[in-house]
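For reference, the structure is listed below as structure tokens.
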Amino acid sequence: MKIKFHYTYILIAFGFIITGYFSNLLIFTSIIIIHELGHYLFAKLNNLEPVSITIYPFGGVTKINSLINTKTSKELMVALAGVTFQTMYYLLIVFLYHNHIVRNYLFNIFKEYHYHILIFNLFPIYPLDGSKILNLIMTEYMPYKLTHKITIIISIITSIIIIITNYYQFNYTTILIITIIIDNLIKYYKNINYFFNKFLLERYLYKFNLHKPKTITKITDMYKEKYHIIKEKNEYLTEKELLKRRFKGKY
């Protein structure tokens, strides 16, 4: 697995170093790495395949190679593991601080970064953890494709609210973070159809143990953890029959 440092992180790190805040950089980076280590370890425990970790100024992104139809419960555990590991790391530092092993100055820096990174990562903005957790919860109650569209809408609305409420606190770090988020949102929007087709193709090629039935009228209404009966005019098709019509001769 590769650990990569995004160019925006390198710019921020350079700013820390030339201004004499090297200890701040080490604390900030250690929190991000521990957070991402949580995602990595829980992915491995759930037989998923972590590919890379990319470090950004706001946190990290762990890329995992897995089937879209992986059980939501497994993906939720992986998504929540980052916050869990980061909180455990914070509690360890608190313990060391109260036992006079960590100095007051360093503890205050750690506490500030911990809360900023933790709260920011729980915002429902793609690709942050909060957005992934919300998306996974929505898949239980909404069609798979619709959850992605709603995730984008919520991400945009939340981003606008944050920009408006923090307008007078803008600095170059904030601008870099906003640029990264906008770039990721654009890529996410462009890939919705790709994700949906991959979701369908997996259902066609592999057998998943799905026990919740759902009758739908069109293929875009398919849920992630349900199997479907499709009603077309006066005809009823199984999910496999519908997907066979879509993919037969292509794969």
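The values are calculated or read from the model by the stated rules, or taken from the named source; none is laboratory data. Everything quoted here is computed from the prediction, not taken from an experiment. Quick reminder, even Gly has a Cβ in these numbers, built from the backbone with ideal geometry, and neighbours come from all protein chains shown. SASA here: full protein model, heavy atoms, side chains in, ligands and nucleic acids out. Shrake-Rupley method; radii C 1.70, N 1.55, O 1.52, S 1.80 Å.
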(request) Multiply the residue separation of HIS100 and ILE68 by 0.36 nm, subtract the distance between their alpha-carbon atoms, and state the gained length in nm to one decimal. (result) 6.8 nm
(request) Tell me which label goes with the value of semi-axes √(5λ) of the Cα gyration tensor in Å computed from the coordinates here: (1) 41, 20, 16; (2) 39, 26, 17; (3) 48, 21, 15. (result) (1)
(request) Leaving out ligands and nucleic acids, note down the accessible area per residue over the stretch 93-149 with a 1.4 angstrom probe, in whole Å². (result) 54 Å²
(message) Quick check on the chain: of the DSSP beta bridges with both residues there, what percent are antiparallel, nearest 5%?
(response) 55 percent
(message) Could you work out how much longer the chain between LEU91 and PHE195 gets when fully extended? Use 0.36 nm per residue separation minus the Cα distance between them, nm to one decimal.
(response) 33.6 nm
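Hey, could you get me the Stokes-Einstein D for the stretch 1-101, Kirkwood radius over alpha-carbon pairs, 37 °C and 0.692 mPa s, rounded to whole µm² s⁻¹? Intermediate values should be presented prior to the final figure.
Values: Rh = 14.8 Å.
Using the Kirkwood radius from Cα pairs, D works out to 222 µm²/s.
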(request) Within 10 Å, count the other beta carbons around each residue, average over each peptide in 230-236, 172-178, and list them highest first. (result) 172-178, 230-236
(request) Would you count, across the stretch 1-113, every pair of lysines whose alpha carbons are under 18 angstrom apart, provided the pair is eight or more residues apart or spans two chains? (result) 8
(message) How large a share of the accessible area of the stretch 136-199, in percent, is made up of carbon and sulfur atoms when the probe is 1.4 Å and the other protein chains stay in place?
(response) 69 percent
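Using DSSP H assignments, which helices in the chain have an axial alpha-carbon span of 18 Å or above and a mean Kyte-Doolittle hydropathy of 0.5 or higher? Don't skip to the answer; put the middle values down first.
Numbers: long enough: 22-45 (34 Å, 1.27); 72-98 (39 Å, 1.03); 104-121 (25 Å, 0.07); 144-165 (32 Å, 1.66); 172-190 (27 Å, 0.96); 192-205 (20 Å, 0.20).
Helices meeting the span and hydropathy rule in the chain are 22-45, 72-98, 144-165, 172-190.
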(request) Search the structure for amide H atoms under 5 Å from the amide H of ILE229, placed 1.01 Å from N in the peptide plane, and list their residues when 5 or more places away or on another chain. (result) LYS214, THR215, ILE216
(message) Once you place label points 7 Å from the Cα toward the Cβ at SER52 and HIS211, how far apart are they in nm?
(response) 3.9 nm
(request) Assuming 0.890 mPa s and 25 °C, estimate D for the stretch 102-207 with Stokes-Einstein, Rh taken as the Kirkwood radius over Cα pairs, in µm²/s. (result) 155 µm²/s
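Rounded to the nearest whole Å², what accessible area per residue is found for the stretch 1-76 with the 1.4 Å probe? Provide the component values of the computation, followed by the final result.
On the way: 3890 Å² over 76 residues.
Normalised by residue count, the accessible surface of the stretch 1-76 is 51 Å².
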